[in-house]
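Report on the following structure.
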Amino acid sequence: MTMYAPRSVTELQALVLDSERIHVIGNGSKPALHCAVNGAAIVDLSGMSGIIEYQPAEYTATVRAGAPVRELSAALREKGQYLPFDPLLPEAATIGGTVASNLSGSRRFRYGGVRDFILGAQVVDGEGRAFGVGGKVVKNSAGFDLSKFLVGSMGKYAIMTELTFKVFPDVPRFRSLGFHYEELEEALSAIYFINQSAYELDALDLAPPSVHPINRGKKNGNWMLLARLAGFDDTLPRRVERFTAAMTRDTATIRVEELHDSAALWNPLADLTGEFLVKVVIPPKQLPAFDALIAHNRRRYSVGGNIAWAATDDIAQLDTALTSCGLTGLCLSGAVDSALIGVPIDNALAERVKQVLDPLGKLV
Amino acid sequence: MMNRGILQALQKIYPADRLLTRDVELLPYESDALTAFNAKPGAVVLPVNEEEIIDTVRLCHQLALPFVARGSGTSLSGGSLPIPEGLTIGLNRLNRIKKIDPLQRIAVVEPGVINLHITEAAQPYGLYYAPDPSSQSICTIGGNIAFNSGGAHCLKYGMTSNHVLAMKVVLADGTVTRFGGESVDGVGIGPDLVGLFVGSEGLFGIALEITVRLMPQPELYQTVLAAYDDLGRAGDAVSMVVASGLLPGAMEIMDRLAIKAAEASVSAGYPDAEALLIVELEGEALQVEAEFEQLLGIIEKSSAIEVRVAQNEEERTRIWKGRKGAFSAVGRLSPDYIVQDGVVPRSRLGEALVEIGALKDKYQLDVANVFHAGDGNLHPLILYDGREAGALERAEALAGEILALCISLGGSITGEHGIGMEKRDYLPAMFSEEEIDIMEGLRRAIDPNEIANRGKMFPGGEAPALSQHGVHPLERAGLISRE
Ligand SMILES: Cc1cc2nc3c(=O)[nH]c(=O)nc-3n(C[C@H](O)[C@H](O)[C@H](O)COP(=O)(O)OP(=O)(O)OC[C@H]3O[C@@H](n4cnc5c(N)ncnc54)[C@H](O)[C@@H]3O)c2cc1C
């Protein structure tokens, strides 16, 4: 295995032209995405780092793909802004890796995911061509939107070297609440209630019994619905009160408690230990059926129950569960042949892009 | 007239009343809302289900027959302009809302569903479909997808693309494919194919079924209208709002001519001023109330000459009616107009407006400005009289200079109306030859015969006729009015 660390687009282009197979890593924070690349030249983009342009007044920021997420987040925080798609691994990941694998944390709930905040990119494709896609302003509909296509593209179509995002102003205060339910169905009903209400939550996750630290250790613990409200000092307390009153309007809720709002609480992976860590995109309605099949695993249902994170030592079993539910999973850690498990994705359109950007199949 | 063999093949799919070939039947389809152009299609077909669309696209692929999908024909960039002698596939009859799922907050719709109808169907559940182009009571979701359409309220929650979770499409070569799902994460795993398809201007194929996300209706809207004696000051007010950290649902500006037009057409009761700024906050009542106080403080400091706060839903509706009706209202001031759609970085709005002012003097044409100030998306409406020799050409030249201006300020030639037929020659001003090559390569990888919406988006190719003057064909036929 040969490692390369290009420091410029030109070096990267030369590398692509000289290699038969190329595989990109950001910071290697999601090892399973780098399986099955034997023989490929490994490209480490951490040498192409740094913020290129950040214009708080435009709500836009342009960074090199190898830049650590935390560097960009810190710059934004200084101006009271943030990346609303909430990079899943704020400490370990690079920006490029976050986009390529499309990994959002719980705060994705409020405004949307990576796809909703990417504006443009500079890339090097499998032919060694360096070019731009999308734009740099918050609104632009000229040409095909290949920048959104890059989200989740796993480095297989083009190597991102530079990314432009839309950013938003952040709020200063957060309050986190935990609502306890005996059954998943009850917690799900609460999610549905919130879905149709006008309460604007910053994040909404569901932690199964015995998984969340707060539940752990207790026998027959409850499902805990974690809700986070964000805002300003003057109204937040009253909003929390109103929301709590609405949520406890009937008796389904056993208990409400205020939780210490922390990064750990809102890290959906915090307590997920296991050889394999998997992201599953799931419509909330399928949660009960899916959960019944993986109830022995550590898991968390994030983003209002629309993204499942599951840890397991038995990837085959999870694969079977996903398949029987018609779902697809993306494996982030553990040794697997392919990072994709469960139901295969219909790739007809993506294959056309591959023919154009990487006809020789160099990018793996 | 279309070749006999082709017609016979189409007759196998369509009964006579849904296969239009006579001149009088084709007339309403000759142009879209870019009325300066028109072209006669070889035929128009009106499918009623997705099987018919798929069969039609496959037939077109087989025969290398160019086709254009058409929703309501309200494209402002000539996107739904017929391809001369090609096939127009009218999708208005695929107008079923297949499912509203209030629990998961999604709707599944056919492509011909009118944008506003989704909101109407979702309303009983306290939900709505967010993207709100001013044409929302007539344009279709299929058309919205083709252009990634936006509206006044796209600042916070994004444009069409941000609200589409899944699609079933037939690609131009007849391949039927699906992507995305009912999770709010959409495609979620693998390249974002929804994101790629949305905005492809009908060049990739036809959207057959679309899953959109719905949003809960905000508990409270607070809307303020501020008048300024200078357009630049209105622009400065926008910068002040942005700098304050507030995130309004909408921030819109209209200049004197646009105000005058809106007044004449809907009597919105706007103040007499050089510029009007509308800012709207939306969300949880407690939060909005607090933020609105802050907003009013900013507006007060912005040297507004008059400030009005909508006291109730009726007043709010009236403020928006003037803004949303501005395009059509301007149409009353002038026999013809071209709408531009360039984007500039928000901080350079002032510069752009001053330049546009100078350009309109240079070309001796009136320009009304209505724009999405929050995201720097300009909509200069260039007024001209098509009966006057050379007027259209002058208007087009002015439009071209505005686009060049947007690019030179670091923006884009289109924020939401698309390249279409109208701006295809400006694509090279935004993208390098290699970038255009790559996009064309992608188009050919999907559509080797280049039949889907041939002649649009990419420079060159045969151009439909420029007509001297004209109202929208549907308008001429008495089917729509500009209200
Ligand atoms: C008065 C007025 C106000 C407007 N205001 C706005 C505004 O505020 N914001 C905005 O963004 N736009 C606005 N528009 C422009 C226009 O309404 C939008 O572009 C709209 O999305 C077009 O929808 P349509 O159904 O009329 O599409 P059409 O004009 O029929 O078609 C537009 C394009 O979509 C393609 N298409 C149609 N259906 C499909 C499908 N199922 N699959 C793939 N491609 C398809 C067509 O081939 C064509 O290229 C306005 C237009 C007018 C006339």
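Regarding the stretch B:415-430, can at least one residue be identified that is in a loop (DSSP other than H, G, I, E, B), over 19 Å from B:I382 (Cα atoms) and open to solvent by 10 Å² or more (accessible area, probe 1.4 Å)? No.
Being within 14 Å of another protein chain (Cβ to nearest Cβ), in a strand (DSSP E or B) and surrounded by 22 or more Cβ atoms within 10 Å (Cβ to Cβ) is the requirement here; does A:V99 meet it? Please lay out each step first, then the result.
On the way: within 14 Å of another protein chain (Cβ to nearest Cβ): yes; in a strand (DSSP E or B): no; surrounded by 22 or more Cβ atoms within 10 Å (Cβ to Cβ): yes.
Criteria not met by A:V99.
In the set (1) of a type in the set (K, R); (2) within 11 Å of the ligand (Cβ to nearest atom); (3) under 17 Å from B:A397 (Cβ atoms), B:K362 fails one condition alone, (2).
Could you list, in sequence order, the residues of the stretch A:222-253 that are within 15 Å of A:F193 (Cα to Cα) and either within 14 Å of chain B (Cβ to nearest Cβ) or open to solvent by 60 Å² or more (accessible area, probe 1.4 Å) (or both)? Steps first, answer last, please.
Kept after step one, since they are within 15 Å of A:F193 (Cα to Cα), are these residues of the stretch A:222-253: A:225-227, A:242-253.
The answer is A:A227, A:R242, A:F243, A:T244, A:A245, A:A246, A:R249, A:D250, A:T251.
Of the residues screened, B:P111 is not one that is buried (at least 22 other Cβ atoms within 10 Å of the Cβ), in contact (Cβ under 8 Å) with a residue 12 or more places away in the chain, near the ligand (Cβ under 10 Å from one of its atoms) and within 14 Å of chain A (Cβ to nearest Cβ). Listed conditions (1) within 13 Å of chain A (Cβ to nearest Cβ); (2) surrounded by fewer than 24 Cβ atoms within 10 Å (Cβ to Cβ) are all met by B:G199, apart from (2). Counting residues in the stretch B:38-57 that are within 21 Å of the chain's Cα centre (by Cα), away from the ligand (no atom under 13 Å from the Cβ) and within 14 Å of chain A (Cβ to nearest Cβ) gives zero.
Give the residues of the stretch A:167-183 that are open to solvent by 10 Å² or more (accessible area, probe 1.4 Å) and either in contact with a Gly (Cβ under 9 Å, 6 or more places away or on another chain) or facing chain B (nearest Cβ under 7 Å) (or both), sorted by residue number.
Just the residues of the stretch A:167-183 that are open to solvent by 10 Å² or more (accessible area, probe 1.4 Å), to begin with: A:169-175, A:182-183.
A:P169, A:D170, A:V171, A:P172, A:R173, A:F174, A:R175 - these are the residues of the stretch A:167-183 that are open to solvent by 10 Å² or more (accessible area, probe 1.4 Å) and either in contact with a Gly (Cβ under 9 Å, 6 or more places away or on another chain) or facing chain B (nearest Cβ under 7 Å) (or both).
Looking only at the stretch B:160-179, residues that are open to solvent by 20 Å² or more (accessible area, probe 1.4 Å) and either among the hydrophobic types (A, V, I, L, M, F, W, C) or near the ligand (Cβ under 10 Å from one of its atoms) (or both) come to 1 in all. Only a single criterion out of (1) under 22 Å from B:L196 (Cα atoms); (2) surrounded by fewer than 23 Cβ atoms within 10 Å (Cβ to Cβ); (3) not aromatic (F, W, Y) is not satisfied by A:A335, namely (1). Can you tell me which residue within the stretch B:137-152, out of those that are within 6 Å of the ligand (Cβ to nearest atom) and assigned to a loop (DSSP other than H, G, I, E, B), is nearest to the chain's Cα centre (by Cα)? The residue in question is B:S149. Within the stretch A:306-332, if we keep just the residues that are out of contact with any Pro (no Cβ under 9 Å at 6 or more places or on another chain) and polar (S, T, N, Q), the residue that is least open to solvent (accessible area, probe 1.4 Å) turns out to be A:T312.
Here are some residues: A:V69, A:V137, A:V114, A:V133. Which one is more than 10 Å from chain B (Cβ to nearest Cβ), out of contact with any Lys or Arg (no Cβ under 8 Å at 6 or more places or on another chain) and not polar (S, T, N, Q)?
Details: A:V137 fails: more than 10 Å from chain B (Cβ to nearest Cβ); A:V114 fails: more than 10 Å from chain B (Cβ to nearest Cβ); A:V133 fails: more than 10 Å from chain B (Cβ to nearest Cβ).
Result of the check over A:V69, A:V137, A:V114, A:V133: A:V69.
Within the stretch B:212-228, the presence of at least one residue that is within 16 Å of the ligand (Cβ to nearest atom), closer than 24 Å to B:G418 by Cβ and crowded, with 24+ Cβ neighbours inside 10 Å is confirmed.
For the stretch B:292-347, a residue qualifies if it is outside any loop (DSSP other than H, G, I, E, B) and of a type in the set (D, E), and the qualifying residues are B:E293, B:E300, B:E306, B:E313, B:E314, B:E315, B:D336.
The lone criterion from (1) without any contact (Cβ under 8 Å) to a residue 60 or more places away in the chain; (2) in contact with a Leu (Cβ under 9 Å, 6 or more places away or on another chain); (3) buried (at least 18 other Cβ atoms within 10 Å of the Cβ); (4) of a type in the set (S, T, N, Q) left unmet by B:T140 is number (1). State which residue pairs qualify: first residue farther than 19 Å from B:Q104 by Cα and more than 10 Å from every other protein chain (Cβ to nearest Cβ) and inside the stretch B:157-173, second residue open to solvent by 10 Å² or more (accessible area, probe 1.4 Å) and in a helix (DSSP H, G or I) in any location, beta carbons under 7 Å apart, and separation of 6 or more residues or different chains. Once the first residue is farther than 19 Å from B:Q104 by Cα and more than 10 Å from every other protein chain (Cβ to nearest Cβ) and sits in the stretch B:157-173, its partners that are open to solvent by 10 Å² or more (accessible area, probe 1.4 Å) and in a helix (DSSP H, G or I) give B:V170/B:I54; B:A172/B:H61.
Does B:G86 satisfy the criteria of being touching a strand residue (DSSP E or B) at 6+ places or on another chain (Cβ under 9 Å), open to solvent by less than 50 Å² (accessible area, probe 1.4 Å) and under 26 Å from B:H163 (Cα atoms)? Before the answer, list the steps.
Details: touching a strand residue (DSSP E or B) at 6+ places or on another chain (Cβ under 9 Å): yes; open to solvent by less than 50 Å² (accessible area, probe 1.4 Å): yes; under 26 Å from B:H163 (Cα atoms): no.
For B:G86, the condition - touching a strand residue (DSSP E or B) at 6+ places or on another chain (Cβ under 9 Å), open to solvent by less than 50 Å² (accessible area, probe 1.4 Å) and under 26 Å from B:H163 (Cα atoms) - is not met.
Here the helices (runs of 4 or more DSSP H) wholly within the stretch A:276-364 that include at least 1 residues being more than 14 Å from chain B (Cβ to nearest Cβ) are A:287-294, A:315-325.
Taking the residues in the stretch B:119-135 that are of a type outside the set (F, W, Y), more than 9 Å from the chain's Cα centre (by Cα) and more than 17 Å from B:V198 (Cβ to Cβ) as candidates, determine which candidate is nearest to the ligand (Cβ to nearest atom).
Just the residues of the stretch B:119-135 that are of a type outside the set (F, W, Y), to begin with: B:119-124, B:126-127, B:130-135.
Checking which are more than 9 Å from the chain's Cα centre (by Cα) leaves us with B:119-124, B:126-127, B:130-132.
Applying the additional criterion that residues be more than 17 Å from B:V198 (Cβ to Cβ) yields B:119-124, B:126-127.
Working: B:T119: 15, B:E120: 17, B:A121: 17, B:A122: 19, B:Q123: 21, B:P124: 25, B:G126: 25, B:L127: 21 Å.
It comes out as B:T119.
Criterion applied to B:Q311, B:Q294, B:Q364 was being assigned by TED's automatic domain parsing to the domain that holds B:M430 and either over 25 Å from the mean Cα position of the chain (by Cα) or modelled with pLDDT under 95 (or both), and the one residue passing it is B:Q364. Go over the candidates A:D234, A:D145, A:D202 one by one and state the one that is closer than 22 Å to A:A270 by Cβ and acidic (D, E). After applying the criteria, what remains is A:D202.
Can you tell me which residue among A:A57, A:A14, A:A32, A:A92 is assigned to a helix (DSSP H, G or I), in contact with a Ser or Thr (Cβ under 6 Å, 6 or more places away or on another chain) and either among the charged types (D, E, K, R) or farther than 21 Å from A:D116 by Cα (or both)? Spell out the reasoning first.
Numbers: A:A57 fails: either among the charged types (D, E, K, R) or farther than 21 Å from A:D116 by Cα (or both); A:A14 fails: in contact with a Ser or Thr (Cβ under 6 Å, 6 or more places away or on another chain); A:A92 fails: assigned to a helix (DSSP H, G or I).
Answer to the check: A:A32.
The values are calculated or read from the model by the stated rules, or taken from the named source; none is laboratory data. Bear in mind that the values here come from a model prediction, so they are computed numbers and not experimental data. Heads up, the Cβs are rebuilt from the backbone with ideal geometry, glycines too, and the neighbour counts pull from every protein chain shown. Side chains are part of the model used for accessible areas, which takes the heavy atoms of the whole protein and leaves out ligands, DNA and RNA. Shrake-Rupley method; radii C 1.70, N 1.55, O 1.52, S 1.80 Å.
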